[in-house]
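A quick write-up on the structure given underneath.
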Amino acid sequence: MDKEIDAAKDRAKRMQWWHEARFGMFVHWGLYSQLGRHEWVMNRERIPVAEYERLAATWKPKPQPAREWARLAKQAGMKYMVMTTKHHEGFCLWDTKMTDYNAVKCGPGRDLVAEYVEACREFGLRIGFYYSLMDWHHPDGARCAKDEKSRRRFLDFTQGLVRELMTNYGKIDVLWYDVSWPLSSPALWESGKMNAMARQLQPHVIINNRSQLDEDFGTPEEHINPEQAGRPWEACMTFNGSWGWQPTPPEDWHSVRSVLGMLRQCTAEGGNLLLNIGPHPDGSVPQEAVDRLKAVGKWTNANGEAIYGKADRLAGRFEWMPSGQFTIKGKTAYYWCTRWPGTELALGGIKGKLRAASLLADGRPVSFVQEKDRLILKGLPKNAPDKVAGVTVLKLEFATTPRQVLGAGCVVLK
Ligand code: GLC
């Protein structure tokens, strides 16, 4: 029991930065980027291994694109990054000794993981490694499910790769496994042993739940799922419906407002947002993502207080409103107003005495009255003050932890 408590304390301590960071950048980049037809192209189009392998020779990224990603992540207000070191295609982006199918021996002729790590450090971002357990290139990648010798070889290969990643690049903050096909249990994957090795090499590393063990955090994908049974979680989201680079009409990219909406929801429910970019084959970031992330950055720069740090879970404490939604930290509620009402804003059902109200971005005080459970904010600017995305945050500081109770009727609730 004591051991369990210690382990839980240990985990909470290790994960503190991650909870406070809230917002990270996912990067999907590999041979598939050259085809521009989604990172599952090899599987979806049944491209034979020998044909796909030729992409390794033709991949010629420009120098140091990771610096562009890291600069952009920093500008956007993201605090960490997770890059695909090896996706399902099996091509390793680093200088591995385990296979020649890697970025140093083939086309790029350089260690792209090393460049990425360096860029993260330069811009002060935490470093995550995505690693796909499923491997479409390795001869044992599928066979391992049927043949014991093949499984042994594949596990040795897998553990060798993870060992390199956890050994060769200094401190790594997140190990982000993906797809554990085709082995059907953590025992068959030897996940416990593999993750113990990772932790021995990187005592602070945070590990996701995709090696068939829960480990540190859950990974809802393409949806924001607050119901993670009290466990830490991170929603990973594409920007445009594809993880790998794929041309996409402008209207299919998340708008700045939509990204801010996701950030609010994750914050309100105590989770993180890992938002993906799929760089072009040369490593440059699609302009649609650059433009939107820069705008997101302008906004987070002014309104970060409503996002970062340990937020309280909103669940059941506030109601939906037609003009916006809340996040909350202790006694302070942040109302993210997405449909500006003009000079007055009324919030019904508010329980708790308000001490001060202000516009978060510039600190301008806002006057207010509280009539029973009705809070009316007065003398607001006529038009939405937030010029980035029309998402204005009102900071409401209460004397006690606030709540909102409306129900469906129009009787004033005591
Ligand atoms: C899925 C996909 C994969 C992507 C990942 C990101 O598992 O197979 O292509 O990298 O999600 O979460």
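The values are calculated or read from the model by the stated rules, or taken from the named source; none is laboratory data. Computed from a prediction, not measured in an experiment: that's the story for all the values here. In this analysis, Cβ positions are derived from the backbone assuming ideal geometry, glycine residues included, and neighbour counts consider all displayed protein chains. When the accessible area is computed, the model is the full protein with side chains, heavy atoms only, and any ligands, DNA or RNA have been set aside. Shrake-Rupley method; radii C 1.70, N 1.55, O 1.52, S 1.80 Å.
Here are the numbers for the structure shown:
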{"item": "Nearest-0.05 FRET efficiency for Arg71 and Ile5, computed from C-beta distance (R0 35 Å)", "result": "0.25"}
{"item": "Accessible surface of region 221-336 [probe 1.4 Å, protein heavy atoms]: carbon and sulfur percent", "result": "51 percent"}
{"item": "Dipole of region 8-110 [Lys/Arg +1, Asp/Glu -1 at C-beta], most positive-end residue of Val27, Met15, Ala50", "result": "Met15"}
{"item": "Glu344, Glu4, reordered so the largest accessible area comes first (probe 1.4 Å)", "result": "Glu4, Glu344"}
{"item": "Phe91 accessible area, assembled protein chains, probe 1.4 Å, Å²", "result": "0 Å²"}
{"item": "Mean shadow area of region 2-306, taken as a quarter of the surface of its Cα convex hull (nm²)", "result": "15.3 nm²"}
{"item": "Net charge contributed by nearby residues that have their C-beta within less than 11 Å of Glu190 (K/R +1, D/E -1)", "result": "+2"}
{"item": "17 Å Cα-Cα reach of Lys105 towards aspartates and glutamates, excluding residues that sit fewer than 8 places from it in its own chain", "result": "Glu53, Glu89, Asp95, Glu115, Glu164"}
{"item": "Loop-located trypsin sites (Lys or Arg not before Pro) in region 101-164, at most 16 other Cβ atoms within 10 Å (DSSP)", "result": "Lys105, Arg110, Lys146"}
{"item": "Amide hydrogen neighbours beyond the local backbone of Arg403, cut-off 5 Å, H modeled", "result": "Lys351"}
{"item": "Cβ-based net charge around His19, under 15 Å, with every Lys or Arg adding one and every Asp or Glu removing one", "result": "+4"}
{"item": "Part-to-part distance (alpha-carbon centres) for region 10-58 and region 103-181, which is given in Å", "result": "11 Å"}
{"item": "Per residue accessible area of the chain, 1.4 Å probe, in Å²", "result": "43 Å²"}
{"item": "222 nm mean residue ellipticity, helices alone, for the chain (DSSP H n ≥ 4; -39,500 (n - 2.57); rounded to 500)", "result": "-8500 deg cm²/dmol"}
{"item": "Positive-end residue of Ala289, Gly170, Tyr130, charge dipole of region 2-306 with Cβ unit charges", "result": "Gly170"}
{"item": "Size of charge dipole - the chain - debye, nearest 20, with Cβ of Lys, Arg +1 and Asp, Glu -1, no other charges", "result": "1340 debye"}
{"item": "Computed E for Ser184/Met98 - FRET, C-beta separation, R0 30 angstrom, nearest 0.05", "result": "0.80"}
{"item": "Karplus 3J(HN,Hα) series, Hz, for region 83-90 with 6.51 cos²θ - 1.76 cosθ + 1.60 (x for Gly, Pro)", "result": "10, 5, 7, 8, 8, 4, 4, x"}
{"item": "Computed magnitude of the charge dipole of region 93-228 (debye, nearest 20; Cβ of K, R +1, Cβ of D, E -1)", "result": "520 debye"}
{"item": "Partner aspartates and glutamates for Lys353 [C-alpha distance under 20 Å; skip if fewer than 8 residues away on the same chain]", "result": "Asp312, Glu319, Glu344, Glu371, Asp373, Glu397"}
{"item": "Alpha-carbon Debye profile of region 324-404, log10 I(q)/I(0) at 0.24 Å⁻¹", "result": "-1.24"}
{"item": "Cα centroid separation - region 244-307 against region 329-398, whole Å", "result": "25 Å"}
{"item": "Potential extension, Glu51-Lys382 segment - 0.36 nm per residue separation minus Cα distance", "result": "113.0 nm"}
{"item": "Contact order normalised by residue count of the chain, Cα under 8 Å, 6+ apart, percent", "result": "16 percent"}
